[in-house]
Amino acid sequence: MTFEEDFLRAKEMIERAEKICALTGAGISVDSGIPDFRSEGGLWRRYDPLEYATYESFLEDPSKFWTMGRELARVILDAKPNDAHLALAELERRGKLIGIITQNIDNLHQAAGSKKVIELHGNYLRAYCMKCGKVYVGEEVHRRVVNGEIPPHCDACGGVLKSESILFGEPLPEKAMSEAIELCRKTDLMLVVGTSLTVYPAAYLPQLAKDHGAKVIIINLHGGNRDGVADIVLEGRASVILPQLVDS
Ligand code: NAD
């Protein structure tokens, strides 16, 4: 099949579907200026995640995480949703998309207007105090980090702040995980966008949706190891392909 044939089949599937759900990853936000972690120039080419992004290493020395986090904050605070985020928000407005399961921590689906967003790996724009639990929502903590406060401290008790994004070795939020599983059971078409499907349990969700009768379309810059689960794979930039697929 050519790309054009696959594209037309995918468009028809979207038109016929009634309960679309999307599973998104770092690739959907690349055109918003947030590099994925594994590609050339990505954070994990420069910061070993085992040293900088595990829960254990955070407890040992939170300044390591926040040194990496400072770089992440600089790009996330400047990022705006791109046409792929907007296309998914439009599908929801039309009543065709029942939810987005995202591995991203950048808040861009919500910024695009999507309402039902399940964050499997938390949200970078929320933080909390490890000592007293005070919650910080928004950009304030990250602005402080960008300005050199590493690690940031709680203004109420002086404890160390942790971003609410999930680190390796930290359990996933239970509520998000059960909502994601529920969505996979309900959906009739899953759009998998910008994820290499290497991080579990997210990587297993397309198969779960398929096992419950859904079709699966993968949209990624490059093919991946898990393309076998898909009915159609479209290779290219999500910010170009998705708006054309949904005519947004
Ligand atoms: P990944 O880095 O493993 O894979 C990204 C995928 O996106 C790759 O398959 C790549 O080919 C594809 N891609 C790159 N540019 C694209 C584009 N313009 N259009 C379509 N596809 C494109 O990402 P992952 O599977 O999400 O796993 C990485 C983990 O790191 C996740 O847990 C996520 O929480 C975190 N992360 C989040 C962000 C963010 O919030 N924006 C950014 C980087 C990493």
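Largest first and to the nearest Å, give the Cα extent of the chain along each principal axis.
For the chain, the Cα spread along each principal axis is 57, 34, 29 Å.
For a paramagnetic label modelled at 7 Å from the Cα of His212 toward its Cβ, which residues of segment 1-28 fall within the zone defined by backbone nitrogen distances under 16 Å?
Only 18-24 pass the distance filter.
Please count, across the chain, the pairs of lysine residues with Cα atoms under 16 Å apart that sit 8 or more places apart or on different chains.
20
DSSP beta bridges in segment 1-146, what fraction antiparallel, as a percent rounded to 5?
So the antiparallel bridges amount to about 25 percent of the total.
Counting DSSP beta bridges in segment 76-215, what percent are antiparallel, to the nearest 5?
For segment 76-215, the DSSP antiparallel bridge percentage is about 65.
Would you mind computing, in nm to one decimal, how far apart the modelled labels at Val199 and Lys175 are, each placed 7 Å from Cα along Cα→Cβ?
Calculated label separation equals 2.0 nm.
Hull surface divided by four, with the convex hull built on the Cα atoms of segment 71-191: how many nm²?
Across all orientations, segment 71-191 yields a mean hull projection of 8.4 nm².
Enumerate cysteines in the chain without a disulfide-compatible partner, where compatibility requires another Cys Cβ under 4.7 angstrom.
For the chain, the answer is Cys21, Cys184, because their Cβ atoms have no other cysteine Cβ under 4.7 Å.
Rounding to the nearest 20 debye, state how big the charge dipole of the chain is about its Cα centre with +1 on each Lys and Arg Cβ and -1 on each Asp and Glu Cβ.
Taking the Cα centre of the chain as origin, the dipole is about 480 debye.
Please state the relative contact order of the chain as a whole percent: Cα pairs under 8 Å, 6+ residues apart?
25
Which distance in nm do the two modelled labels at Phe168 and His222 give, with both placed 7 Å along the Cα-to-Cβ direction?
Result for the modelled spin labels: 2.0 nm.
Using only the alpha-carbon atoms of segment 18-148, report the extent along each of the three principal axes, biggest first, to the nearest angstrom.
Sorted largest first, the three principal extents are 48, 37, 26 Å.
Quickly estimate the mean residue ellipticity at 222 nm for the chain, helices only: each DSSP H run with n ≥ 4 gives -39500 (n - 2.57), and the total goes over all residues, rounded to 500.
Per the formula, -11000 deg cm²/dmol.
Any read-out appearing in this document is the output of simple, stated calculations on the displayed coordinates, not a laboratory observation. Since we're looking at a predicted model, the values are computed, not measured. Please note: Cβ atoms are built from the backbone with ideal geometry, for glycine as well, and neighbour counts cover all protein chains shown.
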